[in-house]
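A short worksheet on the structure shown next.
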Amino acid sequence: MDNENIKNIPAFAGGKKLGMLFLPLMLAAAAFILIAAPAEEGSDKNVSLRTFEVPGFPMILVLEQEAGTINSAWLRTPAGARGLERLEGLSFISENAILSKVDQDSKDDLLWNLSFMNFEGSGTHLWIGMTTQSPHVFVTSAPFQYTRWHALPAKIEVPKGTSIYIAPAAPFYKLLEKQYGGTESYSFIYTIMMTPEGPAFVPVPSVYGQLSVLLRAGMHGETSPNKRMAYVKMLTEFNRLAEGKAPQADTLLNFPMEKIETLSWKK
């Protein structure tokens, strides 16, 4: 849930979704320009303190913003407040809260994904996970960058408790001269779930079956032999994961999620 305590502050609209809709890049970029446009000089309407929370979970993400750009950010929990310097200079895009049961009590546990971007079209995905039996909050992040997937008008159906992460690039496969990523390339997609140890890559076969179909269609017409080879290798891995097989080393090495901090407290 998103709250603002100063009126007339521009903000991105965020919302929960069960599937993943790949939004066209031009629409997202246009929205970002509108949001981040500075207010008139001397106006105080471009300064805000914005908060995000998920009902039922005792933590609040606080953003101090100016003209839609984050000056400072911190996460408040019963274990105290922690600064999130990596969000500085970015703007909020969206949030998605996913509930599941991963520990031994009857309460829902949380996987909370918030996305942030700068003017260049790159940024950060923040995943905040919380387990409730012995309260722990896991804060992780991964880089965000637009790829060809974001311009694809397709929707992926994901099972309950699953989030999707579009990595900035395809794995750096052996025998290839470089790693392919950015707006002109398809990248690897990871399924993220909450676990007792925090947010993690957990392959979901039904999702990779859908991704295999989309990548097979999208790679037709690719004229670069090396890039096509990268797509073939990535397609092979999607098919393996769709069959329930374990991810290969190249896939794991390409996964850029970083654990920032783990917080805990007594009930």
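The values are calculated or read from the model by the stated rules, or taken from the named source; none is laboratory data. Note that this is a predicted model, so its numbers are computed, not measured. Heads up, the Cβs are rebuilt from the backbone with ideal geometry, glycines too, and the neighbour counts pull from every protein chain shown.
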Problem set entry | Where TYR146 falls short, out of the listed (1) within 17 Å of the chain's Cα centre (by Cα); (2) on the phi > 0 side of the Ramachandran plot; (3) at pLDDT below 95 | (2)
For this session: Would you check if ALA167 is closer than 30 Å to ASP103 by Cα and of a type in the set (Gly, Ala, Ser)?
Result: yes
Problem set entry | Residue satisfying all of: in region 161-213; at positive phi and in a loop (DSSP other than H, G, I, E, B); farthest from the chain's Cα centre (by Cα) among these | LEU175
Problem set entry | GLU261, sole failed condition from (1) in contact with an Asp or Glu (Cβ under 9 Å, 6 or more places away or on another chain); (2) outside any helix (DSSP H, G or I) | (1)
Exercise. Taking region 71-103, which residues are within 22 Å of MET130 (Cβ to Cβ) and of a type in the set (A, V, I, L, M)?
Worked result: ALA73, LEU75, ALA79, ALA81, LEU84, LEU87, ILE93, ALA97, ILE98, LEU99, VAL102
Exercise. Can you name the condition, by its number, that ASN226 falls short on among (1) over 18 Å from PRO159 (Cα atoms); (2) in a loop (DSSP other than H, G, I, E, B)?
Worked result: (2)
For this session: Return a yes/no flag: does region 181-195 have any residue that is more than 21 Å from GLU237 (Cβ to Cβ) and surrounded by 20 or more Cβ atoms within 10 Å (Cβ to Cβ).
Result: yes
For this session: Take GLY123 and decide whether it is of a type outside the set (Lys, Arg), within 25 Å of LYS107 (Cα to Cα) and crowded, with 20+ Cβ neighbours inside 10 Å.
Result: no
Problem set entry | Answer from GLY198, GLY209 - the residue that is of a type outside the set (Lys, Arg) and surrounded by 15 or more Cβ atoms within 10 Å (Cβ to Cβ) | GLY198
Exercise. Would you say SER134 is without any contact (Cβ under 8 Å) to a residue 24 or more places away in the chain and assigned to a loop (DSSP other than H, G, I, E, B)?
Worked result: no
